[in-house]
Amino acid sequence: MKVHVNMDICLLHGQCVIAAPEIFSFDDNGDLHWVEVIDDSQVADAEAASDACPEQAIILG
Amino acid sequence: MTQDSIVADNLPYLDISDPGFSIRSSEVMRARELCWCARTNYGLAVLRYDDVQKLLRHPKLRQGSYRWPTLNDVTGEFARWWESMLLSQEGDNHSRLRRMANPAFSPKLITTLAPKFTELATMLIDEFAPKGECDFIAEFTEPYATGVICELLGLPFERWRELADIAADMGLALGVTFKKDLPTIEAATRRLFDYVEELVEARRAAPKDDFIGMLIKANEDKSQLSDQELLDMIVLAIFGGIDTTRNQLGLAMATFIEHSEQWALLAEQPELGRAAVEEVMRVRPTVTWVTREAVEDFTYNDTPIEKGTTLHLFSQSATSDPRVFDDASFDITAERKPHFGFGGGAHHCLGHFIARGDMTEALKLLAQRLKNPRFNGEVEWLPDSGNTGAIRMPIAFDPA
Ligand code: HEM
Ligand code: HEM
Ligand code: SF4
């Protein structure tokens, strides 16, 4: 599965980092990073992050 | 309530504990032009959009409200709950609790509730609409906000009064008379916990995939969500969901009464309901500020901020900042940058899908049924700071 964050609407709340820390993280500058291709074992976490995102900025496909 | 000022004396000063202080005053606007922040009698106030945006999620800051009981020299059952619940937690503990609660607040679950919101709003409007007048708070926003929580908890609507009364007594804890009201607050806290415990027992006996059912599922692994944490979370949803929604819908009505052409537009184009909620929360957020506290010394915008300093992030002032909103007048069709009415960062409101959903349904219906609304007597307001709103709002309208 592919993970994408629409950075035009992401407000860096970090709810994705809380929900799925293996997929999403902040670096020391506070920029958001994520694993772009995940395996089946991580899909549930990615969906939890996508649900939790207040701006609904996470696209899974 | 004083805190030694650690910043240069040339910053503007705001007396935020003066009962006459208004977050929308020209004094605040003047301060916002002079500097990004002001000194207050309790730490700093942050005034501009970009700075509120950054500081809401600044790694050197934590949520500031956890100290509220200590500040008021209060201990007991309310204080225990307040200090252990989600909003007061940070770091790993906060993340764990938030992960456990997320499924119960997910947009999927909320979507299934939307028809119930419509039903509830219709029922309440049907009651008072034929009269052509009402107290908008007592007859609509309060039963509606509480009814939504009843719906979420799987309680019949008839229980709303009971829940509203307990929440109101517990809410005294947020006022200046916290300590004096402590016996009432403690009694209400115990009643609410008893009530919630009963609810959980009933759901355990008759499992269901609803809000409480989802939290009970998380509670199966007690190391992730203990029995006490399960109860604390449900109490927080009740405590944090009622007054906020009641106040925000009252502020919405007041704003639309002052902009009648926008109300007419919403009635014609109900699909603007969602945008109307966002625009109301930009110009009149009920939570006019959230607090953060410095966990270590740091420098921001060349201003040294000492460990322990409280920062009041003025959402109200930030989202009327002319640097970002060149025409800041109320317009539900305008494309806007996001408001901070639900806070931001790790503590971003967990109930926002619910609140956005129920307020959208309510405003759409109200605009269609209540034409030409106007004030019909004295409106009674909470102070125009902290968590604000109306407690009585007589209105008249032409029923449609
Ligand atoms: C460290 C935490 C906090 C500080 C330093 C603080 C400070 C203040 C100050 C200075 C005022 C002005 C009126 C007064 O003197 O009381 C105020 C008002 C208010 N605060 Fe807080 N506050 C804190 C936490 C909270 C929390 C957690 C809430 C609720 C969620 C809250 C709700 C309110 C409300 C509703 C008002 C306006 C109502 C009134 O004046 O009675 N505050 N706060
Ligand atoms: C119009 C209605 C509402 C408004 C304006 C509102 C506003 C807020 C704000 C500003 C915060 C963040 C406080 C901070 O950062 O210091 C917050 C947090 C929270 N809200 Fe809401 N809220 C509303 C409705 C609700 C509802 C309906 C629920 C539950 C059913 C709810 C549950 C929560 C919870 C659990 C938190 C704590 C989140 C955390 O600390 O991680 N809220 N809310
Ligand atoms: S939760 Fe959403 S808005 Fe927040 S950082 Fe993640 S993607 Fe961005």
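The values are calculated or read from the model by the stated rules, or taken from the named source; none is laboratory data. In this text the structure is predicted, and so the values were computed from the model without any measurement. Here the Cβ positions follow ideal geometry from the backbone for every residue, glycine too, while neighbour counts run over all protein chains shown. Heavy atoms of the whole protein, side chains included, go into the accessibility calculation; ligands, DNA and RNA do not. Shrake-Rupley method; radii C 1.70, N 1.55, O 1.52, S 1.80 Å.
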Exercise for the section: Apply the Debye scattering formula to chain B, with a single equal point scatterer on each alpha-carbon and no solvent, then give log10 I(q)/I(0) at q = 0.14 Å⁻¹. Expected result: -1.36
Exercise for the section: Sum up the charges of everything whose Cβ sits under 11 Å from the Cβ of B:K108, counting Lys and Arg as +1 and Asp and Glu as -1, but leave B:K108 out. Expected result: -3
Problem - Whole-Hz couplings from phi, Karplus 6.51/-1.76/1.60, listed for the stretch B:264-277; x for Gly and Pro - result: 4, 5, 5, 5, 6, 10, x, 5, 7, x, 5, 5, 4, 4
Practice task
Skip the ligands, DNA and RNA, and give the accessible area per residue of the stretch B:281-400 with a 1.4 Å probe, whole Å².
Solution key: 39 Å²
Practice task
Could you grab the Rg to Rh ratio for the protein assembly as shown? Cα atoms only, Kirkwood for Rh.
Solution key: 0.94
Handout entry: List B:L272, B:L14, ordered by accessible area with a 1.4 Å probe, largest first
Key = B:L272, B:L14
Completion exercise
Expressed in square angstrom to the nearest 10, the accessible area of B:E127 with a 1.4 Å probe stands at 150 Å²
Practice task
Can you grab the distance from the C-alpha centre of chain A to the C-alpha centre of the stretch B:314-349, Å, no decimals?
Solution key: 24 Å
Practice task
Filter the trypsin sites (Lys or Arg not before Pro) in the stretch B:206-244 to those in DSSP coil with at most 14 other Cβ atoms within 10 Å of their Cβ, and list the result.
Solution key: B:K208, B:K222
Problem - Entries of A:K2/B:K60; B:K179/B:K307; B:K54/B:K108; B:K54/B:K337 with Cα pairs more than 21 Å apart - result: A:K2/B:K60; B:K179/B:K307; B:K54/B:K108
Exercise for the section: May I ask you to find the residues of the stretch A:4-19 that are shielded by at least 20 Å² of accessible area once the whole protein assembly is considered instead of their isolated chain (probe 1.4 Å)? Expected result: A:L11, A:L12, A:H13, A:Q15, A:I18, A:A19
Exercise for the section: Let me know the Rg and Dmax you get for the stretch A:3-60 when you use only its Cα atoms, in Å. Expected result: 10.2, 30
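Counting only heavy atoms of the protein chains, get the accessible area per residue of chain A (1.4 Å probe) and round it to a whole Å² value.
About 53 Å² of surface per residue is accessible.
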Completion exercise
About its Cα centre, the stretch B:1-145 carries a charge dipole, from +1 on Lys and Arg Cβ atoms and -1 on Asp and Glu Cβ atoms, whose size in debye to the nearest 20 is 880 debye
Exercise for the section: At most 16 other Cβ atoms within 10 Å and a DSSP loop assignment: could you name the GluC sites (Glu not before Pro) in the stretch B:324-400 that fit? Expected result: B:E335, B:E378
Practice task
Answer with one residue from B:L14, B:N93, B:V324: the one whose Cα lies farthest towards the positive end of the charge dipole of chain B, charges on Cβ with Lys, Arg +1 and Asp, Glu -1.
Solution key: B:N93
Practice task
Putting +1 on Lys and Arg Cβ atoms and -1 on Asp and Glu Cβ atoms, find which of B:Q224, B:A334, B:V200 reaches farthest to the positive end of the dipole of chain B.
Solution key: B:Q224
Practice task
Could you order B:F193, B:F353 by accessible surface area, starting with the largest, using a probe radius of 1.4 Å?
Solution key: B:F353, B:F193
Problem - Check: chain B dipole with +1 on Lys, Arg Cβ and -1 on Asp, Glu Cβ, in debye - result: 680 debye
Exercise for the section: Work out how far the C-alpha atoms of the stretch B:161-249 reach from end to end along every principal axis, then list the three figures in whole Å, largest first. Expected result: 40, 29, 22
Handout entry: Proximal charge balance of B:Q224 [Cβ under 15 Å; K/R count +1, D/E count -1]
Key = -2
Practice task
Counting only C-alpha contacts under 8 Å and six or more residues apart, can you give the relative contact order of chain B as a whole percent?
Solution key: 26 percent
Problem - Charge tally in the Cβ shell below 11 Å around B:N247, where Lys, Arg are +1 and Asp, Glu are -1, B:N247 excluded - result: 0
Fill in the blank from the handout: Note, the stretch B:237-248: 3J(HN,Hα) by Karplus (6.51, -1.76, 1.60, θ = phi - 60°), whole Hz, Gly/Pro = x, goes 4, 6, 5, x, x, 7, 4, 4, 5, 4, 5, 5
Handout entry: Accessible surface of B:D209 - all protein chains present, 1.4 Å probe, nearest 10 Å²
Key = 110 Å²
Handout entry: At 1.567 mPa s and 4 °C, Stokes D of the stretch B:280-400 from Kirkwood alpha-carbon radius, µm² per second
Key = 75 µm²/s
Problem - DSSP-loop trypsin sites (Lys or Arg not before Pro) across the stretch B:268-311, with at most 13 other Cβ within 10 angstrom - result: B:K307
Fill in the blank from the handout: Sorting B:L370, B:P59, B:N247 by the position of each Cα along the dipole of the stretch B:4-399 (Lys, Arg +1; Asp, Glu -1; all at Cβ), the one nearest the positive end of that ordering is B:P59
Problem - Sequence of B:R32, B:R80 from largest to smallest accessible area, 1.4 Å probe - result: B:R80, B:R32
Practice task
Calculate how steeply helix A:43-52 sits against the longest principal axis of the alpha-carbon atoms of chain A, using the helix alpha-carbon long axis, and give the answer as 0 to 90 degrees to the nearest 10.
Solution key: 40 degrees
